[in-house]
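Colleague: Okay, handing you the structure first.
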């Protein structure tokens, strides 16, 4: 995902025969129909010419920060207990190991002293952990971290996102080489601490 200008610049640097076609996607159904949230994300990533700003909300989309992975997981667990659906997901910033010989999942996604396994790679269950096709809907999927590909296309009420240790750059840092969200470019309220693994 990048701006049209960035795509044209890259295209020219690679000596492509023509400028890339820019296709505008007007609707983002996975963000609850919140145009304010969609615009905030575009500004955060520097894709629409805007600057990152504090999320002030619009009454349609709830965005929260957690001081630690434990705090995020506790919040999501409370939502599950209240009858909501909730899952954690992350980008590919950690290894994704095959299950241990005893059939248990390897806790590859580690931030600080907190570690959780990825969702099951295959469509077959591993122990009580559901296969990837059922990760978002089976209650036993809650303890695993879904990869971005497993998570897309599913609907659940609450999504916790773990920002990994690999930096991504769009003119400013949006991830931190040491882990967590420190240096993410997301303005935080005065006195707010961001977790750094």
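Colleague: Kindly state, to the nearest 0.05, the FRET efficiency for residue 82 paired with residue 14, given R0 = 35 Å and r defined as their beta-carbon distance.
Modeller: On the way: r = 50 Å, r/R0 = 1.44.
Between residue 82 and residue 14 the formula returns 0.10.
Colleague: Using Cβ counts within 10 Å as a stand-in for footprinting exposure, how do 142, 134 rank, fewest first?
Modeller: By the 10 Å Cβ count, ascending: 134, 142.
Colleague: Starting with the fewest neighbours, write out 148, 120, 126 ranked by other beta-carbon atoms found within 10 Å of each beta-carbon.
Modeller: The order, fewest Cβ neighbours first, is 148, 126, 120.
Colleague: Could you list 51, 73 in order of exposure, starting from the residue whose Cβ has the fewest other Cβ atoms within 10 Å?
Modeller: 51, 73
No lab work stands behind these numbers, since they all come straight from the coordinates. These numbers were taken from a predicted model, which means no experiment stands behind them. Positions of Cβ are generated from backbone atoms using ideal geometry, with glycine treated the same way; all protein chains shown enter the neighbour counts.
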